[in-house]
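Working notes, beginning with the structure itself.
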Amino acid sequence: MRPAAPRARAALAALLTTLALALLPAVPAHPAPAEGDPAVAVSQNEAAKGGEITVSGTGWKAGALLMVLLCGQGTPEKGVVGGTNSCANTDGRAATVDPRGAFSVKLPVVAPPRPCPCVVHVSGVTGQQDVVDAALAVAGHATAPLPDAAGDGRLAVLTAARLDGSGGVLTWFGAPPARTLVLTVGNLGTAPVRDPVFTVGTARGVLAPTDEEHRWSGTIAPGQKARIELEVELPAGAHGDHRVSVSYGGKLLAEQPWRVGRPWGVVLFWALLAVVVPAALFRIGMVLVDRAGGRNRHSVPVPVPADADGPGTTAVLPWFLPDSAPSENSPTTKGHS
């Protein structure tokens, strides 16, 4: 019986080991990577005009809508100087981030409106507000040093931006909608920012924004904050969902949605015009018809003087019918003369 004891102990140890392994939590073979900052990569570092590159990214928010542009006067470190005015906006592409936080899109290589150094500029439109730039050399395109941008990129938004104002009666009839974009920024740098120039963009849907530069007069010292008010205006008759963005030094500071109602006054005007004009033309036509062909139908009989047709005839007054005209033998209500 003794030889059986070691075998029993071995069997018991094997059973305990199996149970322990079964109770341990499962470890995935390919653990999911930790979420990091959004990143952008291009398929090649240099491309010729007329070609095409692939722009891909990782670390973005799933479902976010991105705008991909080729811009001049920009570097990944300093961003795009001059905002999207330095970009080939008409040749931009939109991309949607997949559930894994990645995207990939084909971008045509065209000549941006500003000289190189050039970058591929990826910015969030909806769902994410990050902006990432990747360097790209455009063969054959002019190059020039970046303009002096002292103090650029040192401003940060301290409070959420908002749109103040409302539409008036004129806006209801198609006048350009206007609002005031209000935000508070602070200087996080070590040098004062004097008379900063902000780029305000307005866009509808996923279209590239139309940018305008607004200079704010004043100086923001290091560590100080300032309230910024910028006027925003849309084209006449604009309506629907728009978005307003403000950038400084090529960096997006804030973005605000703006829903503009339809100018129903214009619709009402055209509806009334469609009713009034045909009615007026109909009345004028009826007047012309009456003047041209209705005279004989509405003519008034002319009195005929007595004895006009010879002796013994009686004139017919206009308010008597020919058969009921009085005669000499007709009795009268008066007595004999």
Test: residue in the range 84-95 that is closer than 29 Å to Gln256 by Cβ and of a type in the set (Asp, Glu): yes
Residue ID - nearest to the chain's Cα centre (by Cα), chosen from residues in the range 207-217 that are part of a loop (DSSP other than H, G, I, E, B) and free of Cβ contacts under 8 Å to residues at least 24 places away in the same chain: Leu207
Search result, residues across the range 238-271 that are outside any strand (DSSP E or B) and either of a type in the set (Val, Ile, Thr) or touching a Lys or Arg at 6+ places or on another chain (Cβ under 9 Å) (or both): Ala238, His239, Gly249, Gly250, Val266, Val267
Residue that is loosely packed, with under 15 Cβ neighbours inside 10 Å, of a type in the set (S, T, N, Q) and touching a residue at least 60 places away in the same chain (Cβ under 8 Å), where the choices are Asn85, Asn45, Asn89: Asn45
Check on Thr54, of a type in the set (Ser, Thr, Tyr) and surrounded by 15 or more Cβ atoms within 10 Å (Cβ to Cβ): no
Per-region count, the range 74-119, residues touching a Phe, Trp or Tyr at 6+ places or on another chain (Cβ under 7 Å) and within 22 Å of Val197 (Cα to Cα): 0
Extreme residue, farthest from Thr184 (Cα to Cα), among residues of the range 231-269 that are over 17 Å from the mean Cα position of the chain (by Cα) and small (Gly, Ala, Ser): Gly265
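Read-outs: derived from the displayed coordinates by stated rules, not from any lab. Bear in mind the structure is a predicted one, so any value in this text is a computation, not a measurement. Ideal geometry is used to build each Cβ from the backbone, glycine not excepted, and the neighbour counts take in all protein chains shown.
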